[in-house]
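Nothing in this text is a laboratory measurement; each read-out follows from the coordinates by a stated rule. Not measured: the values here are computed from a predicted model. So basically every Cβ, Gly included, is an ideal-geometry build from the backbone, and we count neighbours across all protein chains shown.
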Amino acid sequence: MNLNSIMTGLSRLFLFAFLGGFALTMVVHALQDKPADAGFIDSGVSKTISPTFMSVALAQQFFNVRSFPEGNRNCYTLRPAKVTGNTYLIRAWFMNENYDAKNQLPQFQMHIGVDFWATVTLGDSSSYEIREIIHVPPKDYINVYLVNIGYGTPFTTALELRPLNKSMYETQYGSLNVVGRYDMGLTSRQFVRYKDDIYDRIWSYSNLDGTTKISGSSTFPAEYIDSFTHPPHIVMSANTPTASDSLYFSWVPDNPTDQFHIYLHFTEVQVLKANESRAFLIYLNGELWSSEPVIPSNLTTTIYGSKSAPKFELSIYKTSNSTLPPIINAIELYNVRQLNSPTDEKDGQTSYNRLPYKNLTSLIGYCNEGSNIGIIYEFMANGDLRSHLSDRNPKVLMWEDRLRIAVDAAQGLDYLHHGCKPPIIHRDVKCANILLKEKFQAKLADFGLSRVFPAEGDTHVSTKVVGTPGYLDPDFGIVLLEIITNCPVISKGPNKTRISQWVRSKIENGDIENIVDPRLRGDFDVNSVWKAVELAMACVSHTSTKRPTMNCVVNELQECLATKITCHEMELKDPIGVISMNVESEVLVPLAR
């Protein structure tokens, strides 16, 4: 079953008697005698479902729908008390139940503002659909539209708005459309939501063949910390293989270009003996997700990743020194919806300050007093990358550290290009503008030459050359070559040879090892060096269409890093006896799209 499918694996009890008495925030329903949604919309008509589908078990809120036979776009305007900058879960319910006695199933769209959110398609009159999205409103209101696309009359049964802790989910790349949220420890086709989940997230059942459910104490340890505020059941139960050291599952997205956010939740639910240990590595599409093994404890561990691919294969392997197989407590899948935010000229001028990101230096303040003009950034204990590559620095920056720095810098650029709206072009990326924290986490700095990329339809073209000689466009490829070789970007000799020309000549002679900084004294993995050099040369291509996107650069560099770190771990992996779980199965189905 494809991820577009409705939740056929869940019981209809899923709908019954859970909305009454919610204290979280507004819930909008279409009631026949008392239009509870009247304060949120001024169009549409309220209808009652067919008596055939009514039962004492079905919550009364689902006896009515609001239908929109007139107009192509009908809008709910939601105005919670605190909106701007806060994170919200928006959930829409759709139960047709033959409310119009036409025995017809419409297809229509949901939009937030002018942007597409989801398409609603019901399988039959007795089925239902849910659409959820995690959204940070840019204004003090949220407009949710039902859009007629010519395939029947749009309608809705309920519209819910739930506040979330804004630190829980990474939303700076766009709103997060909920694909699935699974409690891996549930032992039957149940669900978990409010009041067990204080944020009213709906966690559904899933099952893996060849695995077993395990559970632990019914009380929380004193040191228990959970930034996601998981329901108690999730942190006290998990799924583990019965006769294997591995877990595996996969899914195929509807759109291979969709950016997926994947959250994996781990908590140790058993009391381990002195001679027992549990540690495992996670691979996504064959690439190591995190260089450090996951060691679940009473302090919940959440692993987050973002990626686009035509197919996703997630594998969890026990490490060679672990005595116990891996476990997993919960999985959350989201795809990114790029929803445009209203902007004005002032917003553009302050875009850097209001869009913090882990790989961009934070702006602390500025000075503009007479001739004293300056910008104050956060303190970066290890200075800039150029100083650490310098021959005058007695401490050699090792190959693994260089790859990590390259990944961080690429992620920063990827965020500027795809996470900012409108996109921002740095225009002066060089080693001196890559700053390093205490543990050599890299951040981009110096946005004095940055420019907001022209909006669609803007005919302005900049012809002014800016940046640092030797770098310019495409500057990240030059930075990557400098990290690999520690050569000047332009030689000091009479020929003024550029670094890309010098590397190209070495590649043509198959002389890869002499490309690498000699100060490393051969302490590097040749395969990862080849990958990094090939990537750098692709980045400096004179033809822009041949240069990889920054998202591709990030993925390739992470693969280089994984190659360096995990050669021995890859050899230890046993490809036989892997437990298989396919999201396309009838059991593991999406909560929403």
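With 5 Å bins beginning at zero, the pair-distance distribution over Cα atoms of region 245-299 amounts to 4, 12, 21, 23, 16, 11, 7, 3, 2, 1 %.
In debye to the nearest 20, how big a dipole does region 376-441 give about its Cα centre with +1 on each Lys and Arg Cβ and -1 on each Asp and Glu Cβ?
On the way: 10 positive and 9 negative charges, 18 e Å.
In debye, rounded to 20, region 376-441 gives about 80.
Here the Debye sum runs over all C-alpha atoms of region 106-201 as equal scatterers in vacuum, and log10 of I(q)/I(0) at q = 0.22 Å⁻¹ comes out as -1.34. Structural descriptor for region 183-339: relative contact order 30 percent, calculated from alpha carbon pairs under 8 angstrom and at least 6 residues apart. Suppose the chain between residue 195 and residue 73 were pulled fully straight at 0.36 nm per residue; how much longer would it get relative to their current alpha carbon spacing? Roughly 40.5 nm would be gained on extension.
Full extension from residue 506 to residue 42: what is 0.36 nm times the residue separation minus their Cα-Cα distance, to one decimal in nm? Don't skip to the answer; put the middle values down first.
Working: separation 464, 0.36 × 464 = 167.04 nm, distance 7.01 nm.
Length difference between fully extended and current span is 160.0 nm.
Remark: the residue 115-residue 320 segment gains 69.0 nm on full extension, using 0.36 nm per residue and subtracting the alpha carbon distance. Using the Cβ-Cβ distance between residue 439 and residue 149 with R0 set to 51 Å, the FRET efficiency works out to roughly 0.50.
With both labels modelled 7 Å from their Cα along Cα-to-Cβ, the residue 81 to residue 523 distance reads 5.8 nm.
For residue 364 and residue 291, a Förster radius of 22 Å and the Cβ-Cβ distance give a FRET efficiency of 0.10, rounded to the nearest 0.05.
For residue 243 and residue 371, what does the FRET efficiency come to when R0 = 56 Å and r is the distance between their Cβ atoms, rounded to the nearest 0.05? Please report the intermediate quantities before stating the final value.
On the way: r = 74 Å, r/R0 = 1.33.
Approximately 0.15, to the nearest 0.05.
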